[in-house]
Each structure stands twice: as structure tokens, then as C-alpha cells.
Amino acid sequence: MAIREPASYTAFGMKAEAEPLTPGLHIVATPIGNLKDVSFRALGTLAAADVVFAEDTRVSRKLLAHYGITTPLIAYHEHNAAEMRPKIIARLKEGQALALISDAGTPLVSDPGYRLVEAVLAEGFNVVPVPGPSAVLAALVAAGLPTDRFFFEGFLPPKSAARRERLAALATISATLVFFESPHRLVDMLRDALETLGDRTAVVARELTKLYETVRRGTLQNLTSEFEAASRPKGEIVVLIGATVTSDRLNEATEGLDDRLRQHLTHLSVKDAVAVAVEETGLPRRQVYARAVALAKGDVD
């Protein structure tokens with residue numbers, strides 16, 4: 001067995017030695033796009049680990065090489081997980097410190113890593129989280145939708161019938177809904193969501209933290225029309241959909257609608273004032289538009 005040099009990494013032009021790790025499985029979050037988003041703790045963990053288990057070693061090798069990390073990489077993914085788990089447990093029994101990463105973001109979110117964690121804990125070994133980037137949270141904080149409660153669904157079924165059935169099961173959840181979606185299914189998913197959930201406020205976040213990051217906000221109807229007319233988007237996509245408006249919230253929003261619209265109409269067109277008010281209140285666009293027109297014409301006391 002080759003003897004490794006003392007564990008180190010290079011960041012911001014400076015070489016740093018990594019501190020020794022406690023034995024166990026270290027779950028390490030890695031950048032979702034911008035390599036500068038990695039933490040010093042994550043770099044130190046990846047450098048000091050005996051082995052890094054990665055979803056795709058080709059992708060992860062670029063990250064490690066960028067920071068001068070030479071830790072051995074071994075693939076761990078859904079196709080070899082059952083075979084690899086006993087081998088990982090065997091390494092832990094030898095007292096090794098192991099790191100687990102995904103292609104991007106926080107491991108175990110929409111990937112098979114939770115089964116490994118379950119197995120490691122069942123054997124009595126330590127599981128150490130090394131937190132960091134997350135596409136779910138990055139999209140949520142940029143969306144402009146309520147963040148006090150959210151429900152992460154991950155990927156919906158690829159077929160329309162199953163997708164609509166699942167969306168119907170989520171329809172009454174009083175929280176912001178968060179989904180991952182592939183570029184070639186985005187339009188179909190938005191259509192099914194519109195048909196199943198109604199015309200709610202929604203956001204499509206694409207390529208977060210990368211050069212071509214875009215965050216499109218609107219209603220499901222508007223976003224469906226926009227992406228139908230555009231060429232197929234590329235990259236990783238997060239879709240967020242606002243919660244259904246409960247009767248109490250609906251009454252509260254309706255009562256304050258005139259004041260909101262009057263304020264917006266002082267500096268916005270009717271169309272833009274309506275768009276802002278719909279996003280703020282979650283009320284149906286038709287209702288808000290009718291009220292805005294009446295206010296603009298002076299037909300309301």
C-alpha cells in the first residue's frame with residue numbers, strides 16, 4: 001500500500017494541512033456549481049479522509065483536483081450500493097475515517113446515501129455531518145415564497161398520469177412545495193401542476209450558483225406559457241410552488257387587497273401591479289385584475 005503524504009488542500013493560493021478525522025462516516029456537502037462555495041471544513045475532511053466515496057468519480061475528481069486533494073476516490077451510487085455497503089462497513093471496522101459526497105450539494109437528498117447511513121448507524125459507527133451547499137435551500141431563499149414551512153418532494157414520476165396522482169396527494173399541504181425536475185420534462189410537469197393544483201404562484205430556478213443562473217417567478221400559467229414558447233432549458237432545475245390559500249388567509253388577503261393595489265398603482269401599470277399583488281397574496285389573478293381595473297378607473301370608494 002502506498003504511503004500518502006500528510007493530508008493537505010490548497011485554497012485561495014495557500015496550502016493548508018488538514019486536521020486528523022475521527023473514525024466514522026463523514027457526510028460532506030460540496031458545491032452545486034460555484035466551486036468557491038465549498039467550506040474549509042469540507043476541504044479538510046476530504047483531504048484527511050482515508051477514502052472519499054463519490055456518486056460519480058469523474059465529477060468529484062475535478063473538485064478534488066481543483067483544491068489539490070489527493071485522497072483516493074471510490075464510486076458509490078445506486079447501481080453498486082448493495083455491493084459496496086459491506087465493504088464500507090469493513091473499512092469502518094478497521095478504524096478508518098471515510099467521506100461520502102454526491103455529484104453536487106448535500107448527500108442523501110434525492111440519492112441512495114441514506115441507506116448507507118442507516119447501515120453505518122446500525123453497526124454502531126459515527127456519522128458526522130459536514131454541512132454546506134444545498135440546491136433545495138438555495139432555491140427556497142431566492143424564490144420569494146414563504147419559507148416558514150416547505151415540503152421537499154424531490155423528483156415526481158416521469159409519466160403524466162402518475163405525476164398528476166402524486167400532485168393531487170400534495171394539493172392540500174399548507175407549505176411551499178419544492179421539486180427537482182429534468183429539463184426535458186419541465187413543461188409537462190408545469191402543465192400537470194397547473195391542471196392539478198390550479199394557478200398558484202410558482203418559481204423555476206435553474207443552474208443555481210452557476211454562470212447562467214436564472215430564477216423565473218410568476219404563476220403556473222405564466223411559467224407554463226413562458227417555457228412552452230422557449231427552447232428547452234439546460235442544467236439542473238428546482239421548481240417551487242406556493243401553498244394553497246386557506247379560507248382564513250384568503251379572507252385576510254382579500255381584505256387588504258385594495259390597499260396593496262392602491263400602493264402599487266402609484267408607480268406601476270395595472271398589469272404590473274396585478275402581477276405583484278397576485279404574488280404577494282396568492283389570490284386568483286382574475287379577481288385581482290378586476291379589482292385593479294376598478295381602482296384605476298375610480299369606480300371604488
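Pairs meeting the criteria (first residue in the range 60-71 and among the aliphatic types (A, V, I, L, M), second residue surrounded by fewer than 18 Cβ atoms within 10 Å (Cβ to Cβ), beta carbons under 7 Å, at least 6 apart or on different chains) are 63/35. Take the range 187-226 and flag every residue that is at pLDDT 95 or above, within 28 Å of residue 111 (Cβ to Cβ), surrounded by fewer than 21 Cβ atoms within 10 Å (Cβ to Cβ) and not basic (Lys, Arg). 187, 188, 207, 209, 213, 214, 215, listed by residue number. Residue 145 falls short on exactly one of the conditions (1) outside any helix (DSSP H, G or I); (2) surrounded by 14 or more Cβ atoms within 10 Å (Cβ to Cβ); (3) at pLDDT 95 or above, and that condition is (3). Specify the residue that is surrounded by the fewest Cβ atoms within 10 Å (Cβ to Cβ); the eligible residues are those in the range 77-119 that are among the acidic types (Asp, Glu) and part of a helix (DSSP H, G or I). Step by step, filter the range 77-119, then rank; the result is 83.
Filtering the range 170-186 down to residues that are surrounded by fewer than 20 Cβ atoms within 10 Å (Cβ to Cβ) and of a type in the set (S, T, N, Q), which residue is modelled with the highest pLDDT? Result: 182. For the range 168-195, filtering for residues that are more than 26 Å from residue 231 (Cβ to Cβ) and assigned to a helix (DSSP H, G or I) leaves 3. Test residue 165 against the criterion of being surrounded by fewer than 18 Cβ atoms within 10 Å (Cβ to Cβ), out of contact with any helix residue (DSSP H, G or I) (no Cβ under 7 Å at 6 or more places or on another chain), in the same structural domain as residue 99 (by TED's automatic domain parsing) and in a helix (DSSP H, G or I), and give yes or no. Considered against the rule, which asks whether it is surrounded by fewer than 18 Cβ atoms within 10 Å (Cβ to Cβ), out of contact with any helix residue (DSSP H, G or I) (no Cβ under 7 Å at 6 or more places or on another chain), in the same structural domain as residue 99 (by TED's automatic domain parsing) and in a helix (DSSP H, G or I), residue 165 comes out as no.
Residues in the range 113-125 include at least one that is aromatic (Phe, Trp, Tyr) and either free of Cβ contacts under 8 Å to residues at least 60 places away in the same chain or not assigned by TED's automatic domain parsing to the domain that holds residue 53 (or both). If only residues of the range 148-162 that are in a loop (DSSP other than H, G, I, E, B) and in contact (Cβ under 8 Å) with a residue 12 or more places away in the chain are counted, the one that is nearest to residue 239 (Cα to Cα) is 156.
Looking across the range 4-32, the residues that are surrounded by 13 or more Cβ atoms within 10 Å (Cβ to Cβ), at pLDDT below 95 and farther than 24 Å from residue 91 by Cα come down to 10, 11, 16. Residues in the range 259-267 include at least one that is part of a loop (DSSP other than H, G, I, E, B) and either acidic (Asp, Glu) or modelled with pLDDT of 85 or more (or both). The requirement of being more than 14 Å from the chain's Cα centre (by Cα) and among the hydroxyl-bearing types (Ser, Thr, Tyr) is fulfilled somewhere in the range 155-165, by at least one residue.
Go through the range 214-235 and report how many residues are in a helix (DSSP H, G or I), touching a Lys or Arg at 6+ places or on another chain (Cβ under 7 Å) and of a type in the set (Ser, Thr, Tyr).
Number satisfying all stated conditions: 1.
The values are calculated or read from the model by the stated rules, or taken from the named source; none is laboratory data. Keep in mind the model is a prediction, meaning the values are calculated, not measured. Quick reminder, even Gly has a Cβ in these numbers, built from the backbone with ideal geometry, and neighbours come from all protein chains shown.
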